Every structure is written in structure tokens, then in C-alpha cells.
There are 2 protein chains.
Amino acid sequence: MTMTSTDAAMEEDKAVALLERTRDAVDPQLRAAVETLPGAIRRVAKYHFGWQDADGTPAAGRAGKAIRPALVLAAARAVGGDPDAAMRAAVAVELAHNFTLLHDDVIDEDTTRRHRPTAWAVFGVPDAVITGDAMFSLALRLLTDDPHPASPHAAGRLSTCVIELCAGQQADCGLEDRGPDDVTLDECLAMAMAKTGALLGCACALGALYGGADERAVRAMDGFGREAGLAFQLIDDLIGIWGDTARTGKPVGADLTAHKKSLPVVAALTSGTPAAAELAALYRGAMNTPGEVRSAADAVERAGGRDWAQAAAADRMARAVHHLSRAVPDPAAAGDLLALAEFVTRRTY
Amino acid sequence: MTMTSTDAAMEEDKAVALLERTRDAVDPQLRAAVETLPGAIRRVAKYHFGWQDADGTPAAGRAGKAIRPALVLAAARAVGGDPDAAMRAAVAVELAHNFTLLHDDVIDEDTTRRHRPTAWAVFGVPDAVITGDAMFSLALRLLTDDPHPASPHAAGRLSTCVIELCAGQQADCGLEDRGPDDVTLDECLAMAMAKTGALLGCACALGALYGGADERAVRAMDGFGREAGLAFQLIDDLIGIWGDTARTGKPVGADLTAHKKSLPVVAALTSGTPAAAELAALYRGAMNTPGEVRSAADAVERAGGRDWAQAAAADRMARAVHHLSRAVPDPAAAGDLLALAEFVTRRTY
């Protein structure tokens, strides 16, 4: 995984182009699926995806970066299958992802997503919960109605994955309620794997299933997505502290102000260093001034949290690549998946 | 459907015995399925089912009357199938039903169910939403992992049904927000069919599918469950006004105090009678004294809402029986299903 900066830039261009193509291919199918939802639910769904405003006026918004559907289609192609045949699986994974976003925003009481008020903030908790439920049902119906021979197995994998996502979200809520001295890095890693890694793994596994891969390759592809997902989460957590505001829209230090027990923070808190104690003290306070936030970021860095997260992300990427080489022995066939994994884990470097 | 009181009592005994047997057969499978959920989610699920108290102490509670699993198993038997082979479908339908209860209680802010505080009231909204999500995923996993040839089709039907349940719940919320002069009986009937009829229909359809019935019989069985479900809802709405407190635990007039736009109420409100105007005036007020609640019940009765609901319930049962005769030409084979339908729709007579 050693790359020159030119290689990296080329990989990034490749990933960006791939994500654009995926969005263009998936969006019409995603919209067609959402159109089958009952009227009042459809309205909330279309708002959530950024396709219309709260009053029903069409909006130009696009629904996220399409990383999960891109993984589904790229995985199908990587194992020698026809990505077009995996389109329903790509749409189903995107619907399942957005179902979790709708419910997570209710659960976390988050009021902003993709620079707009969240669905529950606009339509109320009932409509957001119901729309999430319907969106997940729709995801499963797409799979179960699909005549493709992989569809029953895929529906089973997606259902199992959602149970794991629920466990991850539940663990996350539990961690947030605990004191800074009362969390371990292992449980945070397990939570991140369940909450983020599981669905990226499922996306890759479903693509492999639809591409006709055997169970061993499907499992390896799941491992690739999971490890890449954890690398992604580590990078996302670094951005949550040191930001990259121009590209992400997230303010610097946002996760610290929110007292979030992100992975670099917990690595720092559990480091046994003097900086760990400083950080814990800041976490027990309000931490709402820019000075305090800077002190906390500094303490995470001095406690080794930043270096640990960067090394852990690199390690997870190496594991991802190892899984991928077992799923897809031909490096040329694995190119798109690698580019996507590089893309999602290089955003701050 | 003309029965003597002796016939009715025998049918009721038969149904009670059948529900007991179903509960005994389904409970171990249901518990085994719930045991597979991740720890913190499992705890909420076990509380919801009445198997343990909030602190984890085992409790003797049983999870409802098992009407839906009984319909699944009876439908499988009625079409000549082996009910034991349909056990997963019975458990899946019961899980899906309980998923909707968990979310509906959050949405409606109901604090009591089965004489205990609701899950969200004990564990908070996040845990109740997450546990509902996981329970529905588990229902679908049971079906998709089932090697039975009917399982993919059954999973598709259950997913589609849940979208309809969501539409029904959403419509219900919308109706409650509107004034007493601003609802039609047709939209209330459509809401009740979606919210209550759809899952009873799905239970019967899944039983028929697992019993090896053809698509025509599956559809007729779905129609039987839907119409019986609507009859059930009409009776339930009558109980919500005139009660049967000893048997149901619901106080007389509970739905009126809550300003619920139940079917007899809406039939009365839309009757064009002088009593309709009286009722609308009461619905625009607080209606929190026993005298006002009695006046409202009286107005529903004088406006014809009570008679209409009883006649409509009988009509829906007749339609149910007609569907059943198309699904199962042999009346002897249909006996259990008829007994269940009679049972759920005779609770006030």
C-alpha cells in the first residue's frame, strides 16, 4: 500500500469518477424505489435524500457520496460478475444506510445532516421513525422480490447486518452516557466495527454474492469492507478533531465540543499518560470555549491519540487489502475496490 | 355465520384452547430467536415481551394472545400443510408485530401496554427504537435463513406488509392531528385496514404459503385475514368506548377521553345527524369529566355509530368467511381459522 503522491492523486481521481458514475446509475433506480412508498412517507424520504424541500419543492440535492452502492457494484465486478445485475442490491444497501441515518438522527437528537435540518427536526419524530422503518422494509422487498439467485442469501445477510448496526448504535449511546475514565479502546473498536464496518462489509459481500462468488470469497469480501470501514471511521474521527472544514463542512473540534468518545479520544484517555488525565478533566467539564477545545485536541495529540489513530487506520487498510487479495486474486480486477477504499481513508492526508 | 349461543361458546372454548397451544408451541422458538439478539437489545426485548422486569429479574408474563402466530399455523394446516414447518413464519410474524408495538408506543407516546410501562418509558426512546429495528431484522432473518421453499416469497410479503403498516401508522398520526369535521369514514377504514388488517392478512398468507398453497389461495387467505382484522378493529373500537373492563383492562370511554377518531366515532361524526354536531363540539373541547365522556358515548350511539360498527363488523366477518371458502373449500379444514376469527370479533357480544 505504499504509494507516491502522484499514484494517490490518480487513485483519487479514479474513485471520484467511479462514485460519480455510480451515483448517476443508482439514483434513477433509487428514486424509482422511493416512488413506490406510500405518499406521506415518500415525502419524508424525498426530503431526507435532498430531492425535495420540506414543502415538496424539487431540490437539486444529491443523496450522499454513494460509497456503499459503489462498493456493491465494484465488488460484483471484481469477482467477475455483471455489476448491472447487482443494481437492486446496490439500491437496497443505500436504502438500508439511509434508514439507519433517519433513526440515528432521532436517537442522537442531531438536528443537521448534509447541511440541512434532519428529517425529524422538520417532520417530527413519528414521521422520521416511520419513514426509516418503511425504507428498511423497502430495501428488503427489493432483494426478496429480485429473481436473481443470490437474492435470498443477500436478504439474509442484510437483515443480519442491520441487527449488528443496531447493536453498534446501542453501544454508542451507552458509551456516550459513561464517564471519560469508564471506557476501553476495545469496546470502542467493537462499536465502530458494528456501527460502520458492518454495513461496508455487507455492501461488499452482497456485491460478491450477486457477482456469483463462492462463500469463501464472499466472507473475504465482507472482511475487506469491514476493515476498510474501520479505517474510514478512524479517519473520520481524526477529521472530527482536526477537521478539514473546507472539504467536510464539519467545524474543527466538533467532536470534542460534543464530548464524543471517538477512537483517537479513547486511545488518548486510556494511554496512561499525564495528557490523558488532562483530557479526562476537560471531558468532565463543559469544554465550550475555543481555548478548551484547542487544549483538548492538544491533549489527545500529546497522549498519542492522533498518531495511534493514523497508524491504526493504516493497519486496518493493510488488513483490508489482505482480505481483498483472498477474495480477488487478480490485482487488476480489485482496482476499483482499492481506489474506493483509498478514497474514503485518505481524506485528511 | 348464524350461530346459537351454545355454538359460540364452543367456538370460543376451541379458540382459547388453540391460542394456548399456539403460545406453548411458539414461545420456546420466540425466546430462542430473541436470545440471538445482542445483549443490551435482548434485555429490552425480554422486558417488552414480559419475560423479565426492567432490572433483568425473570417475570412470569406471557407475550400477548398469540393471535397472529395462531393464524399462521392454522392457515398452514387449513391448506393441507404441516403447521410445524411454518413455525419460523409464525415466530417472524409475532416479532414483526412486536416491532410495530415498540415503535407505535414511541410514536404515540403511550406509557402503558399490557398493564406495564412501555419499553421507551422504561429504557428511553433510543433503546425502544433500536430494539424495534433489531426485532424486525430478526423476523426477516428467520425467514431468509429458513431453508423452506416458501421463505423468500414469505420474506417479500412480510416486507411489503410492513410498508403498509407504516402507511397505516402514519395515516393514524395524521388523523389524530385533524379536527373532528375534517375526517372521512373511508380514510379511517383504509387506515384501519393498513394498520391492523394488513398484518393479520399477512399472517394468514404466510401460513398458506408455508402450507404449499397456490398464489390464488394465498391471496384469498390474505383477504380472509384482512377482513377479519378489520372486524377485529371495529370490535376493539366498540370496546374502547363501551368497554368490557373486566376482560380487557381498558377503562370505559378510554378512547373518547383520548379524543381518538376511532371508527364508530368517525361514523357518528360523518352521519349528518344532530348528534354528530354534539359529538363534534365535545371533541373540540377537553372532554375530561365522566359526564362529558358519557355524553360523547351517548352521542356516538344516537348518531348511529354503535349500530354501524356492529353491522360493519358482521359484514367484514361475512367477507372474511367468503374469502376463506375460496382459499379452503373444505369447511372442516377451515374450522380453526373460523374459530380464531370468531374469537377476536366476539369479545363484546
Are any residues in region A:145-155 surrounded by 24 or more Cβ atoms within 10 Å (Cβ to Cβ) and of a type outside the set (Ser, Thr, Tyr), and if so, which ones?
-> A:Ala150, A:Ala154, A:Ala155
Which one of these does B:Met135 not meet: (1) at pLDDT below 95; (2) buried (at least 19 other Cβ atoms within 10 Å of the Cβ)?
-> (1)
Conditions: (1) crowded, with 21+ Cβ neighbours inside 10 Å; (2) among the charged types (D, E, K, R); (3) closer than 19 Å to A:Asp181 by Cα. A:Glu227 meets all but one. Number of the miss?
-> (3)
Give region B:112-136 a look and list any residue that's at the interface with another protein chain (Cβ under 8 Å from one of its Cβ atoms) and free of Cβ contacts under 8 Å to residues at least 24 places away in the same chain, or say none.
-> B:Val125, B:Pro126
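What do you reckon, is A:Ala333 in contact (Cβ under 8 Å) with a residue 40 or more places away in the chain, buried (at least 20 other Cβ atoms within 10 Å of the Cβ) and among the small types (Gly, Ala, Ser)? Reasoning before the result, please.
On the way: in contact (Cβ under 8 Å) with a residue 40 or more places away in the chain: yes; buried (at least 20 other Cβ atoms within 10 Å of the Cβ): no; among the small types (Gly, Ala, Ser): yes.
Judged against the criteria, A:Ala333 is not a match.
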Within region B:175-193, count every residue that is within 11 Å of another protein chain (Cβ to nearest Cβ), free of Cβ contacts under 8 Å to residues at least 24 places away in the same chain and either more than 30 Å from B:Leu282 (Cα to Cα) or over 17 Å from the mean Cα position of the chain (by Cα) (or both).
-> 1
Kindly indicate whether any position in region B:63-82 is within 14 Å of chain A (Cβ to nearest Cβ) and closer than 28 Å to B:Ala213 by Cα.
-> no
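For (1) assigned to a helix (DSSP H, G or I); (2) touching a residue at least 24 places away in the same chain (Cβ under 8 Å); (3) away from every other protein chain (no Cβ under 11 Å), each residue gets a yes or a no:
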site: B:Leu138; (1), (2), (3): yes, yes, no
site: B:Arg141; (1), (2), (3): yes, no, no
site: B:His153; (1), (2), (3): yes, yes, no
site: B:Cys166; (1), (2), (3): yes, no, no
site: B:Cys173; (1), (2), (3): yes, yes, no
site: B:Lys195; (1), (2), (3): yes, yes, yes
site: B:Gly201; (1), (2), (3): yes, yes, yes
site: B:Glu227; (1), (2), (3): yes, yes, yes
Of the residues in region A:255-278, how many are over 24 Å from A:Phe232 (Cα atoms) and outside any helix (DSSP H, G or I)?
-> 2
Would you check which residues across region B:5-28 are in contact (Cβ under 8 Å) with a residue 60 or more places away in the chain and surrounded by 17 or more Cβ atoms within 10 Å (Cβ to Cβ) and list them?
-> B:Glu11, B:Lys14, B:Ala15, B:Leu18, B:Leu19, B:Thr22, B:Ala25, B:Val26
Of the conditions (1) surrounded by fewer than 23 Cβ atoms within 10 Å (Cβ to Cβ); (2) touching a Gly at 6+ places or on another chain (Cβ under 9 Å); (3) of a type in the set (A, V, I, L, M); (4) over 21 Å from B:Phe99 (Cβ atoms), the single one that A:Ala121 does not satisfy is (2)
Answer yes or no: is there a residue in region A:30-45 that is outside any loop (DSSP other than H, G, I, E, B) and within 18 Å of A:Leu206 (Cα to Cα).
-> yes
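Only one residue in A:Val106, A:Val91 is crowded, with 21+ Cβ neighbours inside 10 Å and closer than 21 Å to A:Arg141 by Cα. Which one? Let's see the steps before the verdict.
Values: A:Val106 fails: closer than 21 Å to A:Arg141 by Cα.
Only one candidate qualifies: A:Val91.
Identify all residues within region B:83-111 that are under 16 Å from B:Ala155 (Cα atoms) and either touching a His at 6+ places or on another chain (Cβ under 6 Å) or away from chain A (no Cβ under 12 Å) (or both); write none if there are none.
Scanning region B:83-111 gives B:Ala85, B:Ala86, B:Met87, B:Arg88, B:Ala89, B:Ala90, B:Val91, B:Val93, B:Glu94, B:His97.
Scan region A:58-69 and give yes if some residue there is touching a Pro at 6+ places or on another chain (Cβ under 6 Å), surrounded by 22 or more Cβ atoms within 10 Å (Cβ to Cβ) and in contact (Cβ under 8 Å) with a residue 24 or more places away in the chain, otherwise no. Reasoning before the result, please.
Initial filter on region A:58-69 (touching a Pro at 6+ places or on another chain (Cβ under 6 Å)): none.
Taking every residue of region A:58-69 in turn, none turns out to be touching a Pro at 6+ places or on another chain (Cβ under 6 Å), surrounded by 22 or more Cβ atoms within 10 Å (Cβ to Cβ) and in contact (Cβ under 8 Å) with a residue 24 or more places away in the chain.
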Taking region A:279-323 as the search range and keeping residues that are touching a helix residue (DSSP H, G or I) at 6+ places or on another chain (Cβ under 7 Å), in a loop (DSSP other than H, G, I, E, B) and of a type in the set (A, V, I, L, M, F, W, C), which one is nearest to A:Leu238 (Cα to Cα)?
-> A:Ala303
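The values are calculated or read from the model by the stated rules, or taken from the named source; none is laboratory data. Quick caveat, the model's predicted, so the values are computed rather than measured. Cβ atoms come from the backbone with ideal geometry, glycine included; neighbour counts cover every protein chain shown.
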